[in-house]
């Protein structure tokens, strides 16, 4: 039996690309109809917002509109004003950072408010249900979608423990075998935690409040809530979460050969890199570098500048060069690299 995995990369508002790709592949269907065609959906950051919209049973064109509509975007990506940037965390270097043009641009607290409002306004299942989909714990979503065996995973990075966190719908996942608890995060909180790129994007860790179920496997103890703080799942190395999805499937008994994967990225905006030939003694290379020295779309300068390095470090977690996660995931399910594995990567 094929085990079908949908994997959605992070990438902020560029996750619009994923909505367009899915519409091209499946037509303008509703989210639940699409999710019923998969056994697992795993997402990070911007991709988790697409996944949330699918859980909201929005059509794929409606999901595109969430990213294309300026008002919706500004509710989620709420820019810090100049004063807020200067007083960010009472940082003594805030003024210097402001002058250098580095540091956070968006307000974390307002992001959660914006996410909840945008998704609540477009909830096709409300008011038939008592609560909005965005307020629903992940473990309740598969039944709501009409695909009870569906596994949903969203990736975050625990700010204080400094390690990856996976927010699951599967309360009995064997990947989480050594924990005696299940963290039932509401969908909106899971997206908030996952879509919180630090340093150069959002001004604070995302604060969320999961429902704590204990003890496994019966969960007969009282349910309580606590608080966690998270950075974007990309910080954990899972901006492209496909490898985590494969491991989750295999750990829970899926034959690796049965994995059929659709992994969708958010595009790459890289410039043409000519630094490797910048010092070449080949006349053809020298001519190419010289011809592109003033081309804004080409990198020929090999110098390193501290200010630029800070920005590069802060944004590198959002990329996946050279798509290593996809290659490793492919190698796991087809170790001989026989080109027989069912993996489709669209980026």
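A few remarks follow.
- Here residue 7 clears all of (1) in a helix (DSSP H, G or I); (2) farther than 17 Å from residue 142 by Cβ; (3) within 18 Å of the chain's Cα centre (by Cα) except the condition numbered (1).
- For residue 318, the test of being more than 27 Å from the chain's Cα centre (by Cα) and at pLDDT below 95 is failed.
- Boolean, residue 242 is assigned by TED's automatic domain parsing to the domain that holds residue 10, more than 30 Å from residue 344 (Cβ to Cβ) and surrounded by 11 or more Cβ atoms within 10 Å (Cβ to Cβ): no
- Selection count where residues are in contact with a strand residue (DSSP E or B) (Cβ under 7 Å, 6 or more places away or on another chain), farther than 18 Å from residue 59 by Cα and surrounded by fewer than 24 Cβ atoms within 10 Å (Cβ to Cβ), scope region 4-25: 1
- Yes/no for residue 174 being closer than 22 Å to residue 207 by Cα, loosely packed, with under 14 Cβ neighbours inside 10 Å and at pLDDT below 95: no
- All positions within region 257-272 that are modelled with pLDDT of 90 or more and outside any helix (DSSP H, G or I): 259, 260, 261, 262, 263, 264, 265
- Boolean, residue 54 is free of Cβ contacts under 8 Å to residues at least 40 places away in the same chain, assigned by TED's automatic domain parsing to the domain that holds residue 261 and crowded, with 24+ Cβ neighbours inside 10 Å: yes
- Against the test of being modelled with pLDDT of 90 or more, within 30 Å of residue 20 (Cα to Cα) and in a loop (DSSP other than H, G, I, E, B), the options 246, 254 yield a single qualifying residue, 254.
- Meets criteria (under 19 Å from residue 5 (Cα atoms), under 16 Å from the mean Cα position of the chain (by Cα), modelled with pLDDT of 95 or more and surrounded by 15 or more Cβ atoms within 10 Å (Cβ to Cβ)) for residue 157: no
- Helices (runs of 4 or more DSSP H) contained in region 53-131 and holding at least 2 residues modelled with pLDDT of 75 or more: 60-68, 70-76, 108-121
- Residue within region 288-296 that is part of a helix (DSSP H, G or I), modelled with pLDDT of 90 or more and exposed (fewer than 15 other Cβ atoms within 10 Å of the Cβ) present: yes
- The set of residues in region 59-82 being over 23 Å from residue 206 (Cβ atoms), touching a helix residue (DSSP H, G or I) at 6+ places or on another chain (Cβ under 7 Å) and surrounded by 17 or more Cβ atoms within 10 Å (Cβ to Cβ) consists of 60, 64.
- The residue of region 214-234 that is farthest from residue 266 (Cα to Cα), among those that are surrounded by fewer than 23 Cβ atoms within 10 Å (Cβ to Cβ) and in contact (Cβ under 8 Å) with a residue 60 or more places away in the chain, is 228.
- Residue 188 being assigned by TED's automatic domain parsing to the domain that holds residue 39, touching a residue at least 60 places away in the same chain (Cβ under 8 Å) and not in a helix (DSSP H, G or I): no
- Residue ID - farthest from residue 308 (Cα to Cα), chosen from residues in region 212-233 that are in contact with a helix residue (DSSP H, G or I) (Cβ under 9 Å, 6 or more places away or on another chain) and part of a strand (DSSP E or B): 213
The values are calculated or read from the model by the stated rules, or taken from the named source; none is laboratory data. Bear in mind that the values here come from a model prediction, so they are computed numbers and not experimental data. So basically every Cβ, Gly included, is an ideal-geometry build from the backbone, and we count neighbours across all protein chains shown.
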